[in-house]
Amino acid sequence: MNSAAFFIIAILTIAAALAAASLRTLIHAALSFALAFVGVAAFFFLLGAEFVGLVQVFVYIGAVAVLIVFTILLTRRDVGKDRGFNWSGVVVAVAVFAGLLWAILKTPMLSIAAPPIEALTVKRIGEVLMTDYVWPLQCVGLVLTAALIGALILVMEEKRE
């Protein structure tokens, strides 16, 4: 893996994630969130996991981020209300970061080499999804359909005054 590319992608992804968490304008935060998704997809491509990178691009950037942006644009929001800075979110984020860092530092390094595995192709993934994992795939489809219907109901609901 190219170290320079890794550090450039890491810096851009972290900057986009921080911007998504700290920007005041909601649409700018959502666009920064989509940019952080692009950075994660770039990591997958850099690691040689092209299928997972493409799924990241199609599902998260193409569907989730666009849905978030359109939901923000289509819902009416009171812009005069300013709630101030949320310090409890900062405390939770620091606590989660500290817990993850502690777990990483306390985990012993593995000295056993990973066994070689056969190459995973898109054809093999499709075969497994359509044979062994057809019911979980259908359940995920139903959950996503329910989420889409719920989002449409929220967007179409008129604001009562």
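The values are calculated or read from the model by the stated rules, or taken from the named source; none is laboratory data. Everything numeric here is computed off the predicted structure, so don't read it as measured data. All Cβ positions, even for glycine, are placed from backbone atoms using ideal geometry, and neighbour counts span all protein chains on display.
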- Query: In the stretch 1-53, how many residues are among the hydrophobic types (A, V, I, L, M, F, W, C), touching a Leu at 6+ places or on another chain (Cβ under 8 Å) and either in contact (Cβ under 8 Å) with a residue 60 or more places away in the chain or not in a helix (DSSP H, G or I) (or both)?
  - Reply: 2
- Task: Considering every residue within the stretch 66-84, establish whether at least one is at positive phi and over 19 Å from the mean Cα position of the chain (by Cα).
- Result: yes
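For every residue, the table says whether it meets (1) among the hydrophobic types (A, V, I, L, M, F, W, C); (2) touching a Phe, Trp or Tyr at 6+ places or on another chain (Cβ under 8 Å).
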| residue | (1), (2) |
| --- | --- |
| Asn86 | no, no |
| Leu105 | yes, no |
| Pro108 | no, no |
| Leu120 | yes, yes |
| Gly126 | no, no |
- Item | Subset of the stretch 52-68 (residues that are over 18 Å from Thr145 (Cβ atoms), at pLDDT 80 or above and either in contact with a Phe, Trp or Tyr (Cβ under 7 Å, 6 or more places away or on another chain) or not assigned by TED's automatic domain parsing to the domain that holds Ala41 (or both)) | Val52, Gly53, Gln56, Ile61
